[in-house]
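These notes concern the structure reproduced below.
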Amino acid sequence: MNEASFIPKSVKSTVDSGSFTWESPSNIALVKYWGKKKDQIPENPSISFTLNQCKTSTKLSFSKKENSDDYSFDVFLDGQKKPDFKPKIETFFKRVEVYLPFLKDYHFKIETSNTFPHSSGIASSASGMSALALCFMSVEKLLNDGKISNQFFVKKASFLARLGSGSACRSIEGPLVVWGEHGSIEGSSDLFGVKYPYEAHQNFNDYQDTILLVDRGEKQVSSTVGHNLMYGHPFALERFKQAGQNLENLISILKNGDLDDFIKIVESEALTLHAMMMTSLPYFILMKPNTLSIINKIWEFRKETGSKVCFTLDAGANVHVLYPEIEKETVLKFINNELVAYCENGHYICDVIGLGANEI
Ligand code: PMV
């Protein structure tokens, strides 16, 4: 499939008004995407666990307008009008207009809310952009008299979500999603995320992700800026190769359930992501002292108990603590006894891997 396959042949804006609501989760990458080409084409393939609790719910209402000269929309977060969200959505509209030719025919009201606390430091772009992309796919399907296959619906939703925020394309389905072409993963594409097509060992069933909220402040460096700093980065080419190799190695690990090998890849990926930030120009650090204290505590706990708990990081200071379901009780005890002290106001969120977005 190429970009042209997502341009509709004929869509007539025959419906006057309506609304759709989708709920879409966040995701956490095991092999990280960091560095992109034009239009959010990733420099390397990535794979993520889809989450279950950290979600965005978006209602898109649309009504036919008089002319089709320009975009017309309003955005609300938790019932409050958010003019500051408009530029990002306008950029998204511009990128997707060729694929959604009805965009200028309607006025859109976008009402959104997150299950995780606002300014928790958890990025809402993956869940938010995927929920919005799914709402637009529902409109497209309606204008096509329902004649869109489920398979195409999901692929195009992921394709559109990618144009909003790269990692958002991995939030449509679950529990494991690959994005970026990889020779050993059938169906993988730079254009959209696909469900991981091979067997995953039962050790990964209901894998837990407890997100420790270390720093709820605004990120000092956006991921857009971070991705751009990979242009001309001295280690970029090696990094992109390494990500492909790590994904290759994960295929057999996911199959045989070797959690020690899983941990090595996941933690190395997290630290490499931050190492890329620290070695770009300008350089920057998103981890906080408490991030490092938590990492050291996890390493100590693993050494003392033989636990298979590990960590990963997003582009921020918060720590995602990953562990198999059978260790839920002991790891939560460990978190409560030893890690909560490093969280801002003692806050953390318990999540588990999930199956993707749902229409409400
Ligand atoms: O989707 P973006 O452009 O916000 O990039 C996100 C990149 C990371 O979260 C740091 C890694 C990833 O693969 O999700």
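The values are calculated or read from the model by the stated rules, or taken from the named source; none is laboratory data. Bear in mind that the values here come from a model prediction, so they are computed numbers and not experimental data. Cβ coordinates were reconstructed from backbone atoms using ideal geometry, including for glycine residues, and neighbour counts include every protein chain displayed.
Worth pointing out:
- Test result for residue 165, at pLDDT 95 or above, buried (at least 22 other Cβ atoms within 10 Å of the Cβ) and within 16 Å of the ligand (Cβ to nearest atom): no
- Flag if residue 291 is under 20 Å from the mean Cα position of the chain (by Cα) and of a type in the set (Ser, Thr, Tyr): no
- Enumeration of residues in the stretch 17-38 that are under 21 Å from residue 226 (Cβ atoms) and either buried (at least 23 other Cβ atoms within 10 Å of the Cβ) or within 13 Å of the ligand (Cβ to nearest atom) (or both): 26, 27, 28, 29, 30, 31, 32, 33, 34, 35, 36, 37
- Looking across the stretch 168-179, the residues that are near the ligand (Cβ under 10 Å from one of its atoms) and hydrophobic (A, V, I, L, M, F, W, C) come down to 168, 169, 179.
Residue by residue, here is whether (1) crowded, with 18+ Cβ neighbours inside 10 Å; (2) under 30 Å from residue 154 (Cβ atoms); (3) touching a residue at least 60 places away in the same chain (Cβ under 8 Å) holds:
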residue	(1), (2), (3)
257	no, yes, no
267	yes, no, no
303	no, no, no
306	no, no, no
320	yes, yes, yes
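- Failed condition for residue 41, given (1) away from the ligand (no atom under 13 Å from the Cβ); (2) of a type in the set (Val, Ile, Thr); (3) within 21 Å of residue 189 (Cβ to Cβ): (1)
- When restricted to residues that are surrounded by 19 or more Cβ atoms within 10 Å (Cβ to Cβ) and in contact with a Ser or Thr (Cβ under 8 Å, 6 or more places away or on another chain), the stretch 39-56 contains 9.
- In the stretch 221-332, counting only helices (runs of 4 or more DSSP H) that sit wholly within it, the ones holding 1 or more residues that are away from the ligand (no atom under 16 Å from the Cβ) and more than 19 Å from residue 29 (Cβ to Cβ) span 236-256, 259-278, 289-305.
- Test result for residue 75, in a loop (DSSP other than H, G, I, E, B) and in contact (Cβ under 8 Å) with a residue 12 or more places away in the chain: no
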